[in-house]
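J.: Sharing a structure with you now.
Just so it is clear, none of the values below were taken in a lab; they were calculated from the coordinates. Source: prediction; values computed, not measured. Here the Cβ is made from the backbone with ideal geometry for all residues, glycine too, and neighbour counts use every protein chain on show.
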Amino acid sequence: MEKPIVLAVAGPTASGKTAIGIALARRFGGEIVSCDSMQIYKGLPIGTAQPTYEERQAAPHHLIGFLGADEPFSVSDYVALAGKVIGEIGGRGRLPILVGGTGLYARSLLRGFSFEERARDEALRERLFTQPPEALYARLQALDPEGAREIHPHNVKRVVRALEYCLLTGEPFSRQAARSKLMEPPYRYLLLCPVFSDRQLLYSRIDRRVDTMLEQGLLEEAEGFFHYCQKAGTPPTAAQAIGYKELFPYFKGEVSLEEAIARVKQESRRYAKRQLTWFAREPGVQYLYLDGLTQRQIEEKACALAGEWLEKQTEGRKKP
């Protein structure tokens with residue numbers, strides 16, 4: 001049985017992935033499956049940079065704004081749900097197009113990584129979440145140095161998951177991840193990664209996008225979410241999203257608005273750098289260089305690359 005075909009547009013924040021995904025969907029009769037760990041949450045459209053109403057009208061989108069901010073959602077949940085949606089899209093004779101910047105989601109889905117559900121303990125996880133992030137990361141470094149190197153210290157959710165696995169199974173989380181990499185990828189896929197040869201062009205786009213988000217009402221959205229988190233007790237995962245956690249100190253009166261905004265831009269640039277490092281390690285990644293191109297030229301270039309790849313996938317079936 002032939003593996004399903006998937007186009008993927010994954011890369012750094014503010015690189016124009018949504019527009020490229022829409023262009024591909026319109027050219028090839030596709031539907032977009034979000035690959036973003038924060039766009040899944042309801043009520044936070046600006047800070048998580050969810051596609052606008054107009055963008056969703058231009059092409060069908062899936063896995064956007066469907067989950068409450070306090071509801072648990074793991075990478076294994078994403079792989080299962082996205083796989084189901086991809087199957088449904090293919091069943092309609094349409095082309096699934098994965099779009100987003102969460103590298104772990106993209107890698108786990110496209111390369112078929114497995115997740116062992118036996119190593120789960122809600123009580124243990126809750127206790128871990130009450131501990132300082134620095135202490136959690138130091139503990140993970142002691143138990144699983146290799147696994148700790150693959151996880152950012154501020155990604156508390158992943159640190160806790162790795163610790164939970166280590167403590168329950170007695171083996172490093174990285175060992176389980178290594179086993180999962182031996183699995184056969186479930187899809188035939190093309191991974192397009194939009195990038196700039198001049199990194200400063202990307203950073204300028206990031207700064208401009210933060211300014212635009214503020215004009216759209218990011219401050220008001222973040223303040224409402226801040227008050228929600230204050231009442232929640234244990235902060236939800238979405239509180240770790242860039243654009244919220246940097247503004248929360250401003251609402252507490254700890255920093256000025258100017259300083260908070262500067263931190264949003266700085267953390268966004270740092271995140272983009274980590275994304276670039278992540279996707280550079282993906283096998284077969286096809287870079288889509290954007291320097292000096294108009295939006296129309298970018299979309300045409302992406303469609304040409306995708307069209308050439310899709311043609312190769314069907315060549316065998318055309319032969320008598």
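J.: Cross-link list Lys17/Lys245; Lys84/Lys265; Lys17/Lys42: which exceed 30 angstrom alpha carbon to alpha carbon?
T.: Lys84/Lys265
J.: Using a/c under 1.5 as the rounded threshold, could you call the chain rounded, prolate or oblate? The axes a ≥ b ≥ c are square roots of the C-alpha gyration tensor eigenvalues, and prolate needs a/b larger than b/c, oblate otherwise.
T.: oblate
J.: Add +1 for every Lys or Arg and -1 for every Asp or Glu among the other residues with Cβ under 14 Å from the Cβ of Tyr203, and state the total.
T.: Cβ neighbours under 14 Å give a net charge of +4.
J.: Next question. How do Trp309, Trp278 line up, fewest other C-beta atoms within 10 Å first?
T.: Going from sparsest to densest Cβ surroundings: Trp309, Trp278.
J.: Calculate the dipole size of the chain relative to its Cα centre from +1 charges on Lys and Arg beta carbons and -1 charges on Asp and Glu beta carbons; express the result in debye to the nearest 20.
T.: Dipole of the chain, to the nearest 20 debye: 960 debye.
J.: Taking the range 82-166 on its own, what percent of its Cα-Cα pair distances exceed 14 Å?
T.: The answer is 70 percent, as a whole percent.
J.: Which of Lys231/Lys252; Lys3/Lys312; Lys3/Lys157; Lys252/Lys273 have a Cα-Cα distance over 24 Å?
T.: Checking Cα-Cα distances, Lys3/Lys157; Lys252/Lys273 exceed 24 Å.
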